[in-house]
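One structure is given here, and the rest of the page talks about it.
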Amino acid sequence: MSTADDLGAQELPQAPPPAPAFLGDGLFGWFTAAAPGSALRRSAVLLCNPFGYEAMCTHRTYRKLAARLSQAGFASLRFDWPGTGDSAGDGCGGNLESWQAALREAASALRSRARASALALFGLRLGGTIALVDGGAVEAVEAAVAWAPHRTGKELWREVRAFRLLKGQPPPSVGGEGAEEAAGYLLDSGDARTLAALDVTRATAVPKRVLLLSRDDIRQDGGVAMALRRRGAAVKAGSLGGYAAMMRDAFESTVPWEALEETVAWLSEVDPLLPAHAIPAAGASGRAPHGEELVQFGPSSRLFGILTPAARPSRRPAVLIPNTGSNHHVGPNRLGVRLARMLAGEGFPSLRFDVSGIGDSRPDGDGVENRMYSQQSIADVRTAISAALERTGAPAVALFGICSAAYAAFQVLDDPRVAAQVLVNLQAFHWKDGDTLEYALRQSARSTAFYRRALLDAKTWKRFLSGRIDVAYVGAALARRAGRRARQHASALKSLLRGGRYEHSDVARRFHDFADRRGSTLMVYCTGDGGLDVMAEHLGRGARKLLRRPGFSLRMVDGPDHTFTQVWSQPMLLELVVSHLCATFPES
C-alpha cells in the first residue's frame, strides 16, 4: 500500500502549512487550504473528531488526511468539539448537546474561509455518527465519509462501560448516577440521556452521498448502510485495513494510508456532482477562550503552542507545558489544557506546546515524526523558554512535564531562566541517540518495591501458577537494576577515596546545582511507577540525597496510573501542581 514517501514520489503539489484559529464562541481548529496548483474543487471537507482517547490516538491521522485533501484540491477544517481539545469548556459533560451547534458553526466558518459552494464531512467513530445524524441538516453538506460510526449512542455507552469493567475499575465518583469514563474521559449522566437519543437509523435528514468504512478487527452489521439507503442516501460501503493499528496509543498509532486514499478518491469522484450554493460573506474571527494566543515559533515557525495569559497582572513566572509522549499539546486526558487555564486564574501565564514532529509541530530537518525522546526536543524546550518570556514579559519560567516531557524539562536545568520544575513520573534522566522506546519500556518496568509487595499477595502466586507472569522479564529487569546500583556505588567509592565527595551521579549534582541557585523542584511519583528505581539510583531511596535541600520536595501518590488517566486522579494532580507553584512564588 502507498506510504507517505510513495505519495510524495507522485509529484503531488505541496500542501500549505495549516493555519490555527479560534472559531465562533471558542471552538479551536486548523484550516488547511487547497494546495497551489492542485485540481480546482468547489467543496471543502469538515473533519469531525471522535471522542476522548480515540481523538488522541487519531490526531496524527487527521492531520495527514488534511494534507492529502489539500494535495487533491480540497480545503479542510479539523476542529475540537466543545469541552474537548483546545476548545472552550471543560469535560464532555453536558456538551454533547452542543455538538450539533458546533457542527453548524464549524461548517459555516469553513465555507466562509474556503469560499466553498458545498461541503463534505469526514468522521471517525462518534464523529462519524454525528456526521450522519446531523450532517444532512447542515447547510451545503452533500456528502459524508463515516468510518466505523456507532449505530446508536447507546452502543458507545455500552462500549465505554465494557472497557471500564474489563480494566476492573469502579465507576467514576463524579458525573452523577450512570456516569461512565472512557480511559480517563468522563461521560456524565447528562451525556447518557443525550446519547440515548442518538440513533443513525432514526435520522430525519442524512447526507445525500455516503462512504461507509467499517473496521478491520471486528465484523460490523449492515444496519447503518440499510437505514441510510431507506432515507434516500447513495451509500458505498466497504472494509479497509488499518483501523486497528490506527487506534493504538498515540506513540504506536500508524497512519492508515489505504483508507485515506480511498476517502480522497471517493470525494474526488463525488465533488463534481455536488450542487453549487451561494458563497457566504467572510465570517468574523472567533473568541479565544481565556484570551489564549496561538503561537508558531522557532526555526521556520515550525513549533506550535497556545499561550494562556495570566488572568490578572502578576510577576509570577511563565509555566512551560511540553507535550507528553506522542500525545499532542492538550496533554493526556486534556491535563495540559486544564492546568494552563487553572494557572491563569492564579496569575501564571503558560505556554503548552508540541516538540518537533509531534502533534501540530512540524519535524526538524531530518523529517522524523513521533519521536518522544531526542536532543531536538531539548532544543525545542529552550526555544519555547525564549518564546514564552518574550511574549509574556515574565521574569522567569517554571517547567512542568509528565514522563518524556519531564525528561526534556530536566535537561534544561542549567538554563538560568528556569526558576522551578515539576517532574511527574520521570522515567529516564539519560537518553542516547539510537535508544528505542521499547528499550525504555524494558528499563522502566514496575518498581522493585512494587515487586516486593507483590510477593506477599496471594493473587500474585495464582497468576504465577497459571503462567500469566513473565518471570524471565521481571527477573531480567531486577538483575539490570542490581547491576547498575553496584557499578554506581563502586564509582562513588573511588571518588571518595580520591578525596572527593561520595556522589556517583551526575544527575544528583545537577539537582544540587539547581538548588544552589535557589531553584525549586517538585517530583511526583505514583506508587509502583517504574521510574522510582531510576530516581533511587541517582538520588537515593526516597530522594534522600535532596530531601534536606530547601526548595526540593517529593510527593508520592497512591492509586493513579502513569499519566493520571482515572477521572478522579486528575484534579488531584492539578491541585498539587498549582498549590506548589503558588506556595513557591507567592504574590507580593
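FYI, it's all coordinate maths here, none of it is from the lab. Every value quoted in this text rests on a predicted model; they were computed, and no experiment measured them. FYI the Cβ positions are ideal-geometry reconstructions off the backbone, even for glycines, and counts take in every protein chain you see.
Based on the Cβ-Cβ distance of Glu269 and Gln375, what FRET efficiency does E = 1/(1 + (r/R0)^6) give at R0 = 41 Å, to the nearest 0.05? Write down the numbers at each step before the final one.
Values: r = 46 Å, r/R0 = 1.11.
After rounding, the FRET efficiency stands at 0.35.
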Quiz prompt | Label-point separation, Ser386 to Met556 (7 Å along Cα→Cβ), nm | solution = 4.2
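Mean 1/r over all different Cα pairs, inverted: what Kirkwood radius does segment 114-262 give, in Å? Before the final figure, lay out the partial values.
Values: mean 1/r = 0.0606 Å⁻¹.
Taking every pair of different Cα atoms in segment 114-262, averaging 1/r and inverting gives 16.5 Å.
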Exercise. Would you mind checking segment 386-421 for residues with the amide N under 20 Å from a putative spin-label position 7 Å along Cα→C-beta of Asp516?
Key: 410-421
Practice problem: Convert each backbone phi in segment 386-397 into a coupling constant with the Karplus relation 6.51 cos²θ - 1.76 cosθ + 1.60 (shift: θ = phi - 60°), then list the ³J(HN,Hα) values in order as whole Hz, x for Gly and Pro. | Solution: 4, 5, 5, 5, 5, 8, 9, x, 5, x, 6, 10
Quiz item: Given H placed 1.01 Å from N in the peptide plane, which residues other than close sequence neighbours of Leu186 have an amide H under 5 Å from its amide H?
Solution: Cys92
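For segment 327-418, compute Rh as the Kirkwood radius over C-alpha pairs and then the Stokes-Einstein diffusion coefficient at 37 °C and 0.692 mPa s; write the answer in µm²/s, rounded to an integer. All intermediate terms of the calculation are to be shown ahead of the outcome.
On the way: Rh = 13.7 Å.
The diffusion coefficient I find is 239 µm²/s.
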Self-check item: FRET efficiency, Ala162 to Ser579 (Cβ-Cβ, R0 45 Å, nearest 0.05)
Solution: 0.75
Exercise. Restrict the search to segment 510-588; then list the GluC sites (Glu not before Pro) that DSSP places in a loop and that have at most 13 other Cβ atoms within 10 Å of their Cβ.
Key: Glu587
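Evaluated at 4 °C with a viscosity of 1.567 mPa s, what Stokes-Einstein diffusion coefficient in µm²/s does segment 305-354 have when Rh comes from the Kirkwood expression over alpha-carbon pairs?
Numbers: Rh = 10.6 Å.
Using the Kirkwood radius from Cα pairs, D works out to 122 µm²/s.
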Quiz item: Along segment 509-522, what does the Karplus equation 6.51 cos²θ - 1.76 cosθ + 1.60 (θ = phi - 60°) give for ³J(HN,Hα), rounded to whole Hz, x for Gly and Pro?
Solution: 4, 5, 4, 4, 4, 5, 5, 4, 9, 6, x, 9, 10, 10
Quiz item: Using modelled backbone amide H atoms (1.01 Å from N, in-plane), which distant-in-sequence or interchain residues come within less than 5 Å of Ser326's amide H?
Solution: Phe251
Exercise. Along Cα→Cβ, 7 Å out, is where each label goes; now give me the distance between the ones at Arg315 and Glu177 in nm to one decimal.
Key: 5.5
Self-check item: Electrostatic dipole magnitude of segment 201-259 [Cβ: Lys, Arg +1; Asp, Glu -1; Cα centre; debye, to 20]
Solution: 640
